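Below is one structure; the comments refer to it alone.
Every number in this text was worked out from the coordinates using simple rules, so none of it is lab data. The shown structure was predicted, so the numbers you read here are calculated from the model rather than taken from an experiment. Note that each Cβ is placed from the backbone with ideal geometry, even for glycine, and that neighbours are counted across all protein chains shown.
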Amino acid sequence: MKRLFTTLGLGLTLAACSPRVITQASQSPHNIVAAPGFVVIDETDKFSGPSEEVGDIEIKDTGLTLSCDYETVIARATKEAQALGANVLKVYEHHLPDHWSTCHRIKAKALRVADLAPFEKEIVWNAARRLAQVDFKASTESRPFEAATSSFIRYHYVGRLFQGKVQFKVETVFDCQNSYFKGKQDPERTLAHEQGHFDITEVFARRFTKAVKEQVADTKELAQKQEAIYRQISTEAQAMHDKYDSEIYADRSKQAGWLVTITQELNGLQAYADKEISLKIKM
């Protein structure tokens, strides 16, 4: 069973400060093998368990950019942490935009942990990272189905005025805290079914990327067309999720064929697998 959540809203703001990254790597040897994936722990969230600090990251601001909202700043810090070999970014200081700066500014620890599962609230789609039962963290109490996957498509942009362009980036996200799994009836088949839902969302993230690339030439057109494109893709995605469920509920033997079809769809959109587009800035 699939619930499709959608995330809209891509504002274009031209008078913000540009995030500047300061990274200090730890000199200690790495004793923990980092689990695949990545988790961001906000400054208000608790974090405990064995971990190894591999660096300290600070995001300040400088110059002009098109975006330095919290998501963009976290994305920059995440990239730096991953370059250090970390799989956790623990934010310990966060300054909101104010009269001194229009940027979000953070300080964070780059950490390595052997098991990310206890900390993951969401999972970004990756062909090498398949869903596991432990990823479904919502309560199963009074739930009507054997399992339910909550996944969605989100997008943002990064760029600076003097560069004359922005990078439009799309992600497919599994929401751990709104997905549940009872595991009472053939859990292996059920897990494969839910992975199919997550993969369908990835198919439409790639289709969304393709549509934007074909229909949008610059940031002005993006502001005008993004909502309509997203709404159309969301409608088509929900229709495929519903068809997937209804056909397999009626005949469970159809699941194998459906999974092959989904894989073929992904392969057919391989050119858009990175889900990133360069757009010119136009006011």
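Descriptive notes on the structure:
- Dipole of the chain, positive end: most advanced residue of VAL170, VAL54, ALA114 [Cβ charges, Cα centre]: VAL170
- For the range 91-182, convex hull volume per residue from C-alpha positions, Å³: 179
- With neighbour counts taken as other beta-carbon atoms within 10 Å, the residues VAL91, VAL134 rank, fewest first, as VAL134, VAL91.
- Degrees separating the helix 255-268 axis from the principal Cα axis of the chain, which is the longest one: 40
- Taking every DSSP helix (H) stretch of at least 4 residues in the chain, weighting each as -39,500 (n - 2.57) and dividing the sum by the residue count yields a mean residue ellipticity at 222 nm of -11000 deg cm²/dmol.
- Separation of alpha-carbon centers, the range 250-281 and the range 69-126, rounded to whole Å: 29
- Phi angles across the range 228-245 convert, under the Karplus curve 6.51 cos²θ - 1.76 cosθ + 1.60 with θ = phi - 60°, into 3J(HN,Hα) values of 5, 4, 5, 4, 5, 5, 4, 5, 5, 5, 4, 4, 5, 4, 5, 5, 3, 5 Hz, Gly and Pro given as x.
- Farthest toward positive dipole pole in the chain [+1 Lys/Arg, -1 Asp/Glu at C-beta], among ASN126, VAL158, TYR92: VAL158
- Straight-line cross-link partners of LYS46 among the lysines, defined as a Cα under 19 Å from its Cα and at least 8 positions apart when in the same chain: LYS90, LYS107, LYS109, LYS121, LYS137.
- Most mobile listed residue (SER253, SER48, SER234) in the chain, GNM with C-alpha springs under 10 Å: SER48
- Between the helical axis of 70-83 and the longest alpha-carbon principal axis of the chain there is an angle of about 90 degrees.
- Taking only the C-alpha atoms of the chain, the Rg (one decimal) and the largest Cα-Cα distance, Dmax (whole number), read 20.2, 62 Å.
- For GLY55, the residues whose modelled amide H falls within less than 5 Å of its own, excluding neighbours fewer than 5 places apart on the same chain, are SER26, ALA110.
- Non-local Lys pairs in the range 159-233, i.e. 8 or more apart or on different chains, that have alpha carbons under 20 Å apart: 11
- Exposed GluC sites (Glu not before Pro) absent - longest run of the chain, DSSP non-H/G/I/E/B, at most 13 other C-beta within 10 Å: 142-283
- Unit charges on C-beta of K, R, D, E only; dipole of the chain, Debye: 600
- Per-residue 3J(HN,Hα) values for the range 141-153, derived from phi via the Karplus relation 6.51 cos²θ - 1.76 cosθ + 1.60 with θ = phi - 60°, read 5, 6, 8, x, 10, 5, 7, 8, 10, 9, 9, 7, 10 Hz in sequence order (x marks Gly and Pro).
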